[in-house]
Amino acid sequence: ELDLGHVSLTTRKLPLGLRIDSLETKYGIVEASVKGQWLRTNQHISRVDADLKVHDLGAVLAGLGYVESVKNADGAAKLVLNGDGPLLDYELASLDGVVDFDFEDGRLLEVEPGAGRFFGLLSVTALPRRLLLDFSDFFGKGFAFDEMRGHFDIADGDAFTEKFFMDGPAARIDLQGRVGLAEEDYDQRVKVVPHVTSGLPTLAAVLTGQIGPALVWALIEKLTKNEVDKATGVYYQVTGSWDDPTIEPVE
């Protein structure tokens with residue numbers, strides 16, 4: 001259920017399968033350039049190499065059948081994936097490759113544990129709201145981010161990352177570790193750095209109805225923000241299944 005606009009596909013028959021010379025979409029919600037192949041020797045083997053420009057990540061994920069877990073978000077992604085099985089029916093446990101993405105101006109929505117997830121990343125919405133300084137009662141549900149960027153190396157159905165972060169008005173979240181795509185489990189270390197001073201100028205102006213206090217808070221923020229953010233960083237260990245993850249503070 002995706003509006004892909006204009007789609008063009010060029011394939012070529014191979015002695016042992018099929019090659020995708022070009023699959024391109026334009027003028028829709030996703031602009032894609034995809035190449036790949038599907039071979040069958042003793043078993044099916046597939047490969048996909050794709051560059052994507054996404055105009056609304058939330059709508060794309062919903063169109064692919066995921067539970068609504070992301071709102072808005074524009075950006076780009078690149079992936080190279082190899083797996084056992086046909087192109088549209090590969091085995092997750094055999095998946096290998098690399099995924100990179102960079103999205104801006106979106107929101108992670110709160111979803112039930114075990115709901116359809118994008119790379120299993122939505123465990124961050126289960127972190128304590130107070131540490132995220134969640135003002136969702138005023139500004140909507142979930143975790144708003146200005147940027148979400150990640151690099152994942154995939155091997156045998158597991159996705160490993162040392163470089164994933166989300167940064168938004170409330171906090172910055174850094175994530176390292178493993179997501180089990182086949183087993184649907186976690187083994188991750190999450191660092192949360194609340195931007196505890198980010199809302200003070202606006203909050204002061206709202207509470208007092210005066211400009212003066214807001215300017216004072218803005219000056220204090222500029223002088224102390226980095227130090228306060230560093231001092232308030234908190235680490236979590238996330239383990240267990242997607243259905244029932246265990247999230248524990250660590251030193």
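The values are calculated or read from the model by the stated rules, or taken from the named source; none is laboratory data. As the structure is a prediction and not an experimental result, all values here were calculated from the model. Heads up, the Cβs are rebuilt from the backbone with ideal geometry, glycines too, and the neighbour counts pull from every protein chain shown. Note: accessible area is taken over every heavy atom of the protein model, side chains too, but ligands, DNA and RNA are not part of it. Shrake-Rupley method; radii C 1.70, N 1.55, O 1.52, S 1.80 Å.
Applying the condition of being open to solvent by 50 Å² or more (accessible area, probe 1.4 Å) and in contact with a strand residue (DSSP E or B) (Cβ under 7 Å, 6 or more places away or on another chain) to segment 85-97 and asking which residue is nearest to ARG172 (Cα to Cα) yields ASP96. Of the residues screened, GLU221 is not one that is within 30 Å of ASP96 (Cβ to Cβ), acidic (Asp, Glu), modelled with pLDDT of 60 or more and surrounded by 13 or more Cβ atoms within 10 Å (Cβ to Cβ). Within segment 1-52, the residues that satisfy the criterion of being in a loop (DSSP other than H, G, I, E, B) and of a type outside the set (Val, Ile, Thr) are GLU1, LEU2, ASP3, LEU4, PRO15, LEU16, TYR27, GLY28, ASN42, GLN43.
If the condition is being modelled with pLDDT of 90 or more and open to solvent by 50 Å² or more (accessible area, probe 1.4 Å), then segment 144-166 contributes ASP146, ARG149, HIS151, ASP153, ASP156, PHE160, GLU162.
Among the residues of segment 5-43, those that are surrounded by 16 or more Cβ atoms within 10 Å (Cβ to Cβ) and touching a Phe, Trp or Tyr at 6+ places or on another chain (Cβ under 7 Å) comprise GLY17, LEU18.
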